[in-house]
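Take a look at the structure set out below.
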Amino acid sequence: MNILSMLVRLQDTLGCTDLVNQMLLLPQAKLPVHSTASSSEINLVVGYSHSPRSQTALDLTLWIAHQTRLATGKQVTVQVVYVIDEWVQRMADMRPYCDLSRSVEGRSTQGGTAIAQLPDTEVQTVPSSMASVFEQADRILWQARCLAEEWRGSLKTHLRFGSLAEELRTVVEAESASLMILGCESKNHPLVKQLGRGFPCSVLGIPSIIEDN
């Protein structure tokens, strides 16, 4: 998976001489960092939050996935990750108990928890007090699936709860991801700093030059 050559082609297309350097938020010794040469499948992770920048990150991920599949002939899976921040979770836990059999229509309930019915969605146990938050996350992940319809490839969504940086790392490690794409604009973004230099794979962002185009 030669990410560097793809970025160079994108750089030439947009006419931005410094695009590769701007997009590479967490470089490591060599690209690609996480080698999947011996694997028949390549996993690309994208942090998604419904924001315009995260939508651009998803578009870029799907483009990279398509180019990678054409170049390698391997199975490429796009892993969309939406994280409900631990602060939001704490606020939701302060609300009165709600009856999920009424508030979470069309989803199975087990002992005060809701289990997502999104196809190919990995979801942690949802506290009963977070029904409305869960419904919003459900809609956001459905939107991601709609945006990815033209990809016509393998797509998996993840609904996680907790620290954004920690949960992204968890998914990247669990899926042996080759690359992660975020909507962050620069290396100075707080999330990028939280991920740290020892992140398992390279991380790309969305600089202003891409948004402007």
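The values are calculated or read from the model by the stated rules, or taken from the named source; none is laboratory data. What you see is a predicted model, and the numbers here were worked out from it, not measured in a lab. Positions of Cβ are generated from backbone atoms using ideal geometry, with glycine treated the same way; all protein chains shown enter the neighbour counts. When the accessible area is computed, the model is the full protein with side chains, heavy atoms only, and any ligands, DNA or RNA have been set aside. Shrake-Rupley method; radii C 1.70, N 1.55, O 1.52, S 1.80 Å.
Observations
- CYS16 accessible area, 1.4 Å probe, all protein chains in place, Å² to nearest 10: 20
- Here the extension length gained between CYS146 and ARG69 equals 25.7 nm, from 0.36 nm per residue of separation less the Cα-Cα distance.
- Using a probe of 1.4 Å on the protein chains alone, the accessible area found for GLU149 is around 120 Å².
- Area of MET180 that stays accessible when all protein chains are in place (1.4 Å probe, Å², to 10): 0
- Qualifying trypsin sites (Lys or Arg not before Pro) in the range 145-178, DSSP loop, other Cβ atoms within 10 Å at most 13: ARG152
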